[in-house]
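Note sheet for the following structure.
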Number of protein chains: 2
Amino acid sequence: MLLVSTSGRRVTIHDVARNAGVSITTVSHALNGKGVVAAATRKRVVDAAATLGYSADAIARGLRSNRLGILGLVIRPLDTLDSYLPVGVDYFVRFAGAAAVAALDRGFGLMLVRDPTTGSVPGIALAVDGFIISDPVGNDPVIGLLKRNGIPLVTVGRDVDRPDFTDWIGTGTGADSTEVFAHLLDRGAQRVALVAGTDANAWNADSEIAYRSWCAGRGQEAIVYREDERSGESGGRMVADVMLDSGEPVPDGIYCLTGRHASGLQARLREAGLTVPGDVMIVAGSDSEQTRSSRPTITSVDLSPEATATAAVNFLLSRLDGDARSGPPSVKNVLRARESTNRPLVDS
Amino acid sequence: MLLVSTSGRRVTIHDVARNAGVSITTVSHALNGKGVVAAATRKRVVDAAATLGYSADAIARGLRSNRLGILGLVIRPLDTLDSYLPVGVDYFVRFAGAAAVAALDRGFGLMLVRDPTTGSVPGIALAVDGFIISDPVGNDPVIGLLKRNGIPLVTVGRDVDRPDFTDWIGTGTGADSTEVFAHLLDRGAQRVALVAGTDANAWNADSEIAYRSWCAGRGQEAIVYREDERSGESGGRMVADVMLDSGEPVPDGIYCLTGRHASGLQARLREAGLTVPGDVMIVAGSDSEQTRSSRPTITSVDLSPEATATAAVNFLLSRLDGDARSGPPSVKNVLRARESTNRPLVDS
DNA sequence: TTCCTCGCCCAAAACGTTTTGTTCCGCTAG
DNA sequence: CTAGCGGAACAAAACGTTTTGGGCGAGGAA
């Protein structure tokens, strides 16, 4: 019934203890439900804390218990850019936003970190409770750094050169590819090509593996193009030019992993007089603004960034809780059929 | 010359002290350049720290010095969404990304925080060193909360109902508007309308103020439409319908603040038989994927999120350093002229 | 010699928690 | 009556820093 605020100072556990007439130990126990405290005492403490507006200092708590309440997020594809230009923007902002929300909902903050292996890491980056690495590159040095510092981590998409590392969330790349090929086949495609990116990540690698195995199964020769992810629509146009100039007929089904590439590719092919979906059907591996607003609109795999991000956060938190060996969740993506493959189905 | 690592434990300042044969005080001083330590001693300490791979624990440091090394970022427009769907996505991801980079470059981490006034704030949110609030709403409760807790903050766009708060970065809204109107006028527009959003933020408010004052100066009646930011392209189409059904002639120049609205608006007007830029010229107040890929492409104000974000981070950090009264920086945006206003200039 | 100053270094206090180990007390079993 | 036990509370240690307030010795001025 005395001092409510010791002047401008932050209200600490000591203030609560004094107001409730108990020791700080009891306050801590009462508030965290840890030790054994009498019901009446607990109530007194809780009330005092409420009227004082007390909440434990996250830093002090972090020091003692080695838990800061922050998750780190590294989006690898963004690291390769000089500035955070919109590349796969659409996907990644939704991913980051959803991850932030999921983390907040679980009482954690989410910290965006740029490649922590370069230059001087702000010490704080190594103080977070755990990391989510989106689309690691092969043998990713970030993973090495974190492991060396004993910081738990989870990746979205596996590290292709680290087969022993299993704490990754699959985004169903293989299944997606299979579904895409079936979709094209059902609509009469005879010669299907793959346009992949050049980053050494699992998405590119696994898509190509799935494609080649599908080709092998059908006795079709594999036609693979690779184009830098960062080249955007103009990169897609360049791939189209290569197709047109090759002397070979242009494939009648194209699975183009990057949305921006798909958009440029389609535009160039149409300029060259081909029709979509009449002469060529196009499917993008990543839904984006471009695939939705191109004319014709482009059939795409919706990578469901929200679901993936939420799954990643939950997976990481379960690891942090020591729920050691629960397997990684798997996220189901959905194929959004649009005009670029709008052909009647054929009997097989 | 002895123990390099006390087993699996984290290497602390004590380890360095022991290895260098000095006290922890001296280590701290030597490493932080604080007290006065002999050159030879400093070298010994630095070497020991290097070989041990020591870096001060950010949490412990934070506890002692009340500086965590983290900046919080709240993007208000995203808070009003249920899920982080792409609204002005383009702008905000670039903003968040650039802010993260700028913060990292200055040795700080950047933490994404969703509206900290709702529900239970993860305590960590109130432990950060300072906040950047993007596009606060009128009399924003987030600002209230942070001020109450004595947490420094800076906003991007002013709080329209908090005239006494001056630590905000202007994104040149007024100047942008003026430039847009001049652009339309130079190309022969006679009746210019404004399509604003409904959020109670400075962008909407100041744009309308600039518009009305411009109208007053020319003796033109003000034609203002308002449409919810979240309605996207279909919202733009609805505005177009209102224009078409009004009985009045459709304006021959439209300044539409939101890129998605502009895209839908243009599409609907063209469906109704109007030509762009022949019958109507359209300018968007926020460059985005939509404005770039619409047919025809839409002239837009590039809000230069990277520059704004960097400025915001620097401004906040200068406030944290106590460089108290340096005025807020102002960022210059640039008008990207595209097809939607591609008309010959007229003499005035 | 004595006193002061100054350069260099260190022990200890603080930061606000959580956790460990202890004390106190009343009750029950022997 | 005594030993043992368990509920309730607390004092103190610990977390890893930074900062405060000396302490010590060498050199210079008196």
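The values are calculated or read from the model by the stated rules, or taken from the named source; none is laboratory data. All values derive from a computational prediction rather than experimental measurement. Because the Cβ atoms are built from the backbone with ideal geometry, glycine has one as well, and the counts that use them run over all protein chains shown. Accessible surface is based on the protein model in full, side chains and every heavy atom, while ligands, DNA and RNA are left aside. Shrake-Rupley method; radii C 1.70, N 1.55, O 1.52, S 1.80 Å.
Points to keep in mind about this one:
- Of all residues in segment A:31-65, those satisfying the criterion of being near DNA strand D (Cβ under 8 Å from one of its atoms) and of a type in the set (A, V, I, L, M) are A:VAL36, A:VAL37, A:ALA38, A:ALA39, A:ALA40, A:ALA60, A:LEU63.
- Residues located in segment B:232-260, provided they are open to solvent by less than 30 Å² (accessible area, probe 1.4 Å) and under 21 Å from B:ASP79 (Cα atoms): B:GLY232, B:GLY235, B:LEU257, B:THR258, B:GLY259
One line per residue, one yes/no per condition, for (1) within 13 Å of chain A (Cβ to nearest Cβ); (2) of a type in the set (D, E, K, R); (3) buried (at least 21 other Cβ atoms within 10 Å of the Cβ):
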| residue | (1), (2), (3) |
| --- | --- |
| B:ALA100 | yes, no, yes |
| B:ALA103 | yes, no, yes |
| B:GLY138 | no, no, no |
| B:VAL142 | no, no, yes |
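- Scope segment A:151-165; condition within 17 Å of A:ASP206 (Cα to Cα) and within 17 Å of the chain's Cα centre (by Cα); matching residues: A:THR155, A:VAL156, A:GLY157, A:ARG158, A:ASP159, A:VAL160
- Any hit, segment B:76-87, residues being modelled with pLDDT of 85 or more, within 13 Å of another protein chain (Cβ to nearest Cβ) and either open to solvent by 30 Å² or more (accessible area, probe 1.4 Å) or farther than 17 Å from A:LEU104 by Cβ (or both): no
- Pair list, Cβ < 9 Å and 6+ apart or interchain, from segment B:38-65 residues that are under 13 Å from B:SER28 (Cβ atoms) to residues that are open to solvent by 70 Å² or more (accessible area, probe 1.4 Å) and aliphatic (A, V, I, L, M): B:ASP57/A:LEU63; B:ALA60/A:LEU63
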